[in-house]
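Below is one structure, written out as structure tokens; the observations come after it.
The values are calculated or read from the model by the stated rules, or taken from the named source; none is laboratory data. In this text the structure is predicted, and so the values were computed from the model without any measurement. Quick reminder, even Gly has a Cβ in these numbers, built from the backbone with ideal geometry, and neighbours come from all protein chains shown.
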Amino acid sequence: MEIKIVKDVLEANNYIAKTINEDLTKRNIMMINIIGSPGAGKTSFILKTIEHLEVKCAVIEGDITSDIDSRKVAAYGIPVVQINTGGSCHLNANMIDAALKVIPLENAIIFVENVGNLVCPASFDIGEDFKVALSSVTEGDDKPYKYPAIFKKAMVTVLNKIDLVRYVDFDRDYFYKGLKTLNPNGITFEVSSVLGDGIREWSEWLENQLMQKYKK
Ligand SMILES: Nc1nc2c(ncn2[C@@H]2O[C@H](COP(=O)(O)OP(=O)(O)OP(=O)(O)O)[C@@H](O)[C@H]2O)c(=O)[nH]1
Ligand SMILES: [Mg+2]
């Protein structure tokens, strides 16, 4: 029998993440890991996106404490599991493994709202198909320069609160220059998770990704 030796916490985490991803693929599920600062609009973005999707969806909410966000999601009749990390600044694959056991779905999209933090969640794969970096114009245009890891690793960057861009000092060219340097092939969307601008384009792209995945 082959014995696997794992060198450190990250390697152990990534081993579990890989197993999760294989299991989700068998169940025709696409899982998306949404990462952004506290208040960037992660919950609002997930809810607005699900409104536009025809596909079955579920949400895993990651917070240090409280069930505030999962109650918001449940109010829309969407299946949701809350993970309270009890102090940890990110979700890990073990936590997701436990949460998935209570979501008996197939043929669906699962949105994971990671703990509000632009740093720690970037280092921990959780079995997702891809990461979304969610940044909002009110946080400023320098985020890719100051928090490069997540913008480098995320296949998609969403610039949220675009309805507020005229009220804040946000230089789009500067933001995208920083982003392109880190992640030249990354995909970007500009949205307002309150007014709905840009959500249709993003949702269509997402459904297309799901189709591509399960055509294989
Ligand atoms: N104007 C505007 N406000 C937004 C938008 N998206 C979110 N908000 C507001 O921003 C605040 C925070 O939104 P949430 O969706 O709770 O943000 P979050 O990232 O989930 O926050 P945490 O879970 O606490 O990290 C709320 O008051 C939202 O109504 C947007 O696109 N435009
Ligand atoms: Mg939230």
Legend entry - Of all residues in region 155-189 being surrounded by 14 or more Cβ atoms within 10 Å (Cβ to Cβ) and of a type in the set (F, W, Y), the one that is farthest from D129 (Cα to Cα): F170
Inset, instruction - Confirm whether L195 is out of contact with any Lys or Arg (no Cβ under 7 Å at 6 or more places or on another chain) and without any contact (Cβ under 8 Å) to a residue 60 or more places away in the chain. - result: yes
Inset, instruction - Would you check if there is a residue in region 122-145 being touching a Gly at 6+ places or on another chain (Cβ under 8 Å), under 21 Å from N33 (Cβ atoms), surrounded by fewer than 22 Cβ atoms within 10 Å (Cβ to Cβ) and not hydroxyl-bearing (S, T, Y)? - result: no
Inset, instruction - Provide a single number: the residues in region 196-216 that are surrounded by fewer than 13 Cβ atoms within 10 Å (Cβ to Cβ) and more than 18 Å from the chain's Cα centre (by Cα). - result: 5
Legend entry - region 44-73, residues that are over 17 Å from L206 (Cβ atoms) and within 12 Å of ligand 2 (Cβ to nearest atom): E61, G62, D63, I64, S66, D67, I68, D69, S70, R71, K72, V73
Inset, instruction - May I ask you to list the residues in region 149-177 that are within 11 Å of ligand 1 (Cβ to nearest atom) and not β-branched (V, I, T)? - result: L159, N160, K161, D163, L164, Y167
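Is it the case that some residue within region 58-69 is in a helix (DSSP H, G or I), within 9 Å of ligand 1 (Cβ to nearest atom) and within 22 Å of S192 (Cα to Cα)?
Yes, there is a match, as at least one residue in region 58-69 is in a helix (DSSP H, G or I), within 9 Å of ligand 1 (Cβ to nearest atom) and within 22 Å of S192 (Cα to Cα).
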Inset, instruction - Pull up region 4-43, narrow it to residues that are part of a strand (DSSP E or B) and within 16 Å of ligand 2 (Cβ to nearest atom), then point me to the one that is surrounded by the fewest Cβ atoms within 10 Å (Cβ to Cβ). - result: I32
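Criterion first (touching a Phe, Trp or Tyr at 6+ places or on another chain (Cβ under 7 Å), more than 23 Å from S193 (Cβ to Cβ), of a type outside the set (A, V, I, L, M) and at pLDDT below 95) does N107 satisfy it? Reasoning before the result, please.
Details: touching a Phe, Trp or Tyr at 6+ places or on another chain (Cβ under 7 Å): no; more than 23 Å from S193 (Cβ to Cβ): yes; of a type outside the set (A, V, I, L, M): yes; at pLDDT below 95: yes.
No; evaluated as a whole, the condition is false for this residue.
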